[in-house]
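Asks: Dropping the structure in here first, questions after.
Every number in this text was worked out from the coordinates using simple rules, so none of it is lab data. The structure displayed is predicted, hence computed values, not measured ones. Here Cβ is always computed from backbone atoms with ideal geometry, including for glycine, and neighbour counts include all displayed protein chains.
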Amino acid sequence: MKTIYAIPGLGTTEKLFSFLKLNGCELKVLSWPKPLPQQSMKEYAQMFVEQINTNEKFYLLGVSLGGMLCSELSHLVNAEKTILISSCKTKNELPILIRALNYIPLQKILPEVLLRKMALHSQWLLGFKKEFEADFKEMINSMPENYFLNTINMIVNWDNTKAPKHCIHIHGTSDRLLLFNNVKADHVIQNGNHAMIVYKADEISEILNRFLD
């Protein structure tokens, strides 16, 4: 039985992975530690290590922000493979508009309540459909205080330029948040949006099962 430690995307929980069908694998979704002010992506990734049994072979799997954290984790722990879905391997794959917030930090002048409200209304950008609306709002509302400000700061200030070893990057051509043309994907999901972990789960599962076999 293969063990996969998974980290969902910004503001989401284990429900994000509920549509995957992986053969012979135990998927363990890691809990979000409370992010700290001015914490770097690498420092935050370190907080996940205690949830991983590094004495046994394991894989890392991350979606969006979770993938960026897995990229950092891959330099801290010895994973067999690192799987990124709708994510970025390094800061150089982030869209220019996101990187620009490092120099013009608009997120720092917005109150947390507004950032959370913006997250709640980001379904159209991410690609979540109406039938997933209740789950999406429940996930967003479950995040701790100041989660959004601190994690957004991590992303825009991310300084990693080293891609994970033994990495598999799966990305959709219709991703409107982390643009397809910005990344170098190993597997391309046609018409896959940022939420394709939900809507293209069968296709993604087929790729993962083929790879994990």
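Asks: Order of Ile96, Ile83 from fewest to most other C-beta atoms within 10 Å?
Replies: Lowest to highest Cβ neighbour count: Ile96, Ile83.
Asks: Determine the dipole magnitude for the chain: charges of +1 sit on the beta-carbon of Lys and Arg, -1 on that of Asp and Glu, nothing else is charged, the reference point is the Cα centre, and the result goes in debye to the nearest 20.
Replies: That gives the chain a dipole magnitude of about 400 debye.
Asks: Aspartates and glutamates near Lys91 by alpha-carbon distance under 15 Å, same-chain residues fewer than 8 away left out - which ones?
Replies: Glu72, Asp159
Asks: A further question on this structure: Fewest Cβ neighbours within 10 Å first, please rank Val63, Val113 accordingly.
Replies: If I rank by nearby Cβ atoms, fewest first, I get Val113, Val63.
Asks: Within the stretch 62-168, which GluC sites (Glu not before Pro) sit in a loop by DSSP and count at most 14 neighbouring Cβ atoms inside 10 Å?
Replies: Answer by residue number: Glu80, Glu145.
Asks: Now for a separate question. Under the 0.36 nm per residue contour assumption, what length would be gained going from the current alpha-carbon distance of Lys129 and Asp202 to full extension?
Replies: 24.6 nm
Asks: Where does each of Cys25, Cys70, Cys88 land when they are ranked from fewest to most other beta-carbon atoms within 10 angstrom?
Replies: Ordered from fewest to most neighbouring Cβ atoms within 10 Å, Cys25, Cys70, Cys88 come out as Cys25, Cys88, Cys70.
Asks: Could you give the radius of gyration (one decimal) and Dmax (whole number) of the Cα atoms in the chain, in Å?
Replies: Using the Cα atoms of the chain, the pair Rg, Dmax is 16.0, 48 Å.
Asks: If you don't mind, another one. Helix-only estimate, please: 222 nm mean residue ellipticity of the chain, summing -39500 (n - 2.57) across DSSP H runs of length 4 or more and dividing by its residues, to the nearest 500.
Replies: -8500 deg cm²/dmol, from helical runs alone.
Asks: I would also like to ask the following. Mind jotting down the distance between the C-alpha centroids of the stretch 1-37 and the stretch 52-86, whole Å?
Replies: 11 Å
Asks: Considering only Thr12, Thr54, Thr173, give the residue with the highest GNM mean-square fluctuation for the chain, with springs between Cα atoms whenever their separation is below 10 Å.
Replies: Thr54
Asks: Right, next: What is the gain in length, in nm to one decimal, between Leu110 and Arg176 on full extension, counting 0.36 nm per residue of separation less the C-alpha to C-alpha distance?
Replies: Stretched fully, the Leu110-Arg176 segment lengthens by 21.5 nm.
Asks: Whose amide H sits under 5 Å from the amide H of Val29, counting only residues 5 or more places off or on another chain, with H placed in the peptide plane?
Replies: Placed amide hydrogens put Ala6 under 5 Å from Val29.
Asks: Just need the relative contact order of the stretch 2-212 here, percent rounded to a whole number, with Cα pairs under 8 Å and 6+ apart.
Replies: This gives 27 percent for the stretch 2-212.
Asks: Can you flag which of Lys117/Lys165; Lys57/Lys184; Lys42/Lys129 are past 30 Å Cα-Cα?
Replies: Check vs 30 Å cut-off fails for Lys117/Lys165; Lys42/Lys129.
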